[in-house]
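This report concerns only the one structure given below.
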Amino acid sequence: MEKIKYEKPVITKITAGIPNKFGLPAKQKIVSQIDGIAVDKLMDEYGSPVFVISEKTIRETYREARRAFETRYPKVQFAWSYKTNYLDAVCSIFHDEGSWAEVVSGFEFEKALSLGVKGTQILFNGPEKSEADLTLAINHNACIHIDHFDELYLLIETTRKIGKKARVAIRINMDTGIYPMWDRFGFNYENGEAWNAINRIMLAENLDLIGLHTHIGTYIMSTSAYAVAASKLSNLYMATHRKFNHWLKYIDLGGGFASKNTLKGAYMPGSETCPSFDEYAEAISNAIISSEIPHENLPVLFLETGRALIDDAGYLLTTVLANKRSVAGRRTMVIDAGVNLLFTSFWYNLGVYPTKEVAEYLEDTTIYGPLCMNIDVVRDAINFPHVKTGDRLVIERVGAYNMTQWMQFITFRPNVVLIDMEKKTHIIRKKEELGSIQNFEVNPKR
Ligand SMILES: *Cc1c(COP(=O)(O)O)cnc(C)c1O
């Protein structure tokens, strides 16, 4: 008979069924299907790991946000934040719902044009606009959101060179009670820089000032910060009218609404603590409507909401590669998707769920990705049931930023699959292969 292998004993606290400060623990959540399609079927067909996006969730979330604002304010326009998820199929759904495009680079600008977005419906943000980018934007009549004085002067020079006018807004940073304050983008409100920029633009004959923009930060859980931002922009809007007898067309409150993900270190789950679209809309519309602005001259309210509109629509399906014990006896697990695909795992405690009924016993577990890198930790501590090698897991709320910030490292980026409104599935970005990477390489002959 073969000698039985020695296994180091471990002592763990049994937590099943013991109440914590919120009461009895909820039953382990199981995610076995997405929009009625079995996770097993998706993985059999499209491999592991695989990103899955629900068109239904995108449309429902977008409509919910629009309803919240349109019932409180007369003129609302959303512009989809490309950098949050710029897969063509995803952007096209937002545009189909009526969203404009919000881009922060020449590449994103071209992508929006290629999807048929009219130049006049592109908001061009960001600190990096080359002369070529500005020329493209001017020629397409886009709204250029000026970030700093050097860009303003380059823009003035460019409009002269090509003999065309540019439609512009300025990005404004300000103290809204959120610290650290984002002051690296745009012109400051409190020190008069923003007012100075407005004055210079009003003096420039080739620039048509049409809006004021701010983006106060991201994952902002305070609705009052938006109220402060909206009233400061309203003040500048009125000041511009008073001095120049010029009504601007819009006020743009940027993005930054929190998604329902849970930040690392948060006490309560994000789904319980994040403000709803109604609460953000209430704060913003109150501030503008009750400002000095006469109601017949109210600006269009632009919103560039990113993560709050797409996070919930994205899933990453993954397979358990191994179960291990650390030297200290801690349960660890290796899965086939790592931080290369999950940039947001650095900020969030992402929800990871089994796809089928498992034992009720949960153990504090660390979930590692497959990379040969110490930082590849998907969850550093999660109460998780025992699952076996080959079992499948679903990681929820990964629609925002992961499919733009992912990196190609030692492995290929996987398929991205869309489940459409008819529950049909489509590959919307193909799994990479050796050629996808080597096609860009040149090996000098020796
Ligand atoms: C990133 C970004 C957004 C979207 O931000 P979220 O936090 O994802 O809502 C909107 N506007 C600008 C200018 C941005 O840079």
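Miscellaneous remarks
- Residues that are within 14 Å of the ligand (Cβ to nearest atom), open to solvent by less than 10 Å² (accessible area, probe 1.4 Å) and farther than 30 Å from Ala381 by Cα, drawn from the range 268-285: Tyr280, Ile284
- Residue in the range 147-160 that is closer than 22 Å to Phe302 by Cα, at pLDDT 95 or above, within 16 Å of the ligand (Cβ to nearest atom) and not assigned by TED's automatic domain parsing to the domain that holds Met421 present: yes
- So Ile172, is it in contact (Cβ under 8 Å) with a residue 60 or more places away in the chain and open to solvent by less than 10 Å² (accessible area, probe 1.4 Å): yes
- Restricting the range 61-89 to residues that are in a helix (DSSP H, G or I) and either basic (Lys, Arg) or out of contact with any helix residue (DSSP H, G or I) (no Cβ under 7 Å at 6 or more places or on another chain) (or both) leaves a set whose member that is nearest to Ile293 (Cα to Cα) is Glu70.
- Residue in the range 184-207 that is touching a residue at least 24 places away in the same chain (Cβ under 8 Å), part of a loop (DSSP other than H, G, I, E, B), open to solvent by 30 Å² or more (accessible area, probe 1.4 Å) and small (Gly, Ala, Ser) present: no
- When the range 362-382 is limited to residues that are free of Cβ contacts under 8 Å to residues at least 40 places away in the same chain and of a type in the set (Ser, Thr, Tyr), the one that is farthest from Gly329 (Cα to Cα) turns out to be Tyr368.
- Test: residue in the range 57-78 that is closer than 30 Å to Ser130 by Cβ, within 16 Å of the chain's Cα centre (by Cα) and surrounded by fewer than 15 Cβ atoms within 10 Å (Cβ to Cβ): no
- Hey, Asp311 open to solvent by less than 60 Å² (accessible area, probe 1.4 Å), under 21 Å from Gly265 (Cβ atoms), touching a residue at least 24 places away in the same chain (Cβ under 8 Å) and within 16 Å of the ligand (Cβ to nearest atom) or not: yes
- Residue in the range 334-350 that is farther than 24 Å from Tyr86 by Cβ and surrounded by fewer than 15 Cβ atoms within 10 Å (Cβ to Cβ) present: no
- Residue count for the range 390-446, restricted to those that are within 20 Å of Leu42 (Cα to Cα), within 16 Å of the ligand (Cβ to nearest atom) and not β-branched (Val, Ile, Thr): 4
Conditions (1) of a type outside the set (A, V, I, L, M, F, W, C); (2) open to solvent by less than 40 Å² (accessible area, probe 1.4 Å); (3) touching a helix residue (DSSP H, G or I) at 6+ places or on another chain (Cβ under 7 Å), marked per residue:
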position	(1), (2), (3)
Leu209	no, yes, yes
Ile216	no, yes, yes
Ala225	no, yes, no
Ala229	no, yes, no
Tyr237	yes, yes, no
Lys243	yes, no, no
Leu248	no, yes, yes
Gly255	yes, yes, no
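- Within the range 383-401, residues that are in the same structural domain as Asp40 (by TED's automatic domain parsing) sit with their Cβ atoms under 7 Å from residues that are at pLDDT below 95 and among the hydroxyl-bearing types (Ser, Thr, Tyr), at 6+ positions apart or across chains, in these pairs: Asn383/Thr15; Pro385/Tyr361; His386/Tyr361.
- Residues of the range 81-96 satisfying the condition of being farther than 20 Å from Phe343 by Cα and of a type in the set (A, V, I, L, M): Ala89, Ile93
- For the range 67-108, the set of residues classified as within 14 Å of the ligand (Cβ to nearest atom) and not hydrophobic (A, V, I, L, M, F, W, C) consists of Gln77, Ser81, Tyr82, Lys83, Thr84, Asn85, Tyr86, Ser99, Glu102, Ser105, Glu108, listed by residue number.
- Condition check for Gly265: assigned by TED's automatic domain parsing to the domain that holds His145, open to solvent by 10 Å² or more (accessible area, probe 1.4 Å), not aromatic (Phe, Trp, Tyr) and not in a helix (DSSP H, G or I): yes
- Scanning the range 238-254 for residues that are within 13 Å of the ligand (Cβ to nearest atom), assigned to a loop (DSSP other than H, G, I, E, B) and either under 19 Å from the mean Cα position of the chain (by Cα) or touching a residue at least 24 places away in the same chain (Cβ under 8 Å) (or both) turns up at least one hit.
- Across the range 385-438, the number of residues qualifying as on the phi > 0 side of the Ramachandran plot and open to solvent by less than 50 Å² (accessible area, probe 1.4 Å) comes to 2.
- Residues of the range 294-318 satisfying the condition of being hydroxyl-bearing (Ser, Thr, Tyr) and under 26 Å from Lys75 (Cα atoms): Thr305
- Qualifying residues in the range 215-237 (those that are of a type in the set (S, T, N, Q) and touching a residue at least 60 places away in the same chain (Cβ under 8 Å)) - the one farthest from Ala313 (Cα to Cα): Ser231
The values are calculated or read from the model by the stated rules, or taken from the named source; none is laboratory data. None of these values were measured; they are calculated from a predicted model. All Cβ positions, even for glycine, are placed from backbone atoms using ideal geometry, and neighbour counts span all protein chains on display. What goes into the accessible areas is simple: the full protein's heavy atoms, side chains included, and nothing from ligands, DNA or RNA. Shrake-Rupley method; radii C 1.70, N 1.55, O 1.52, S 1.80 Å.
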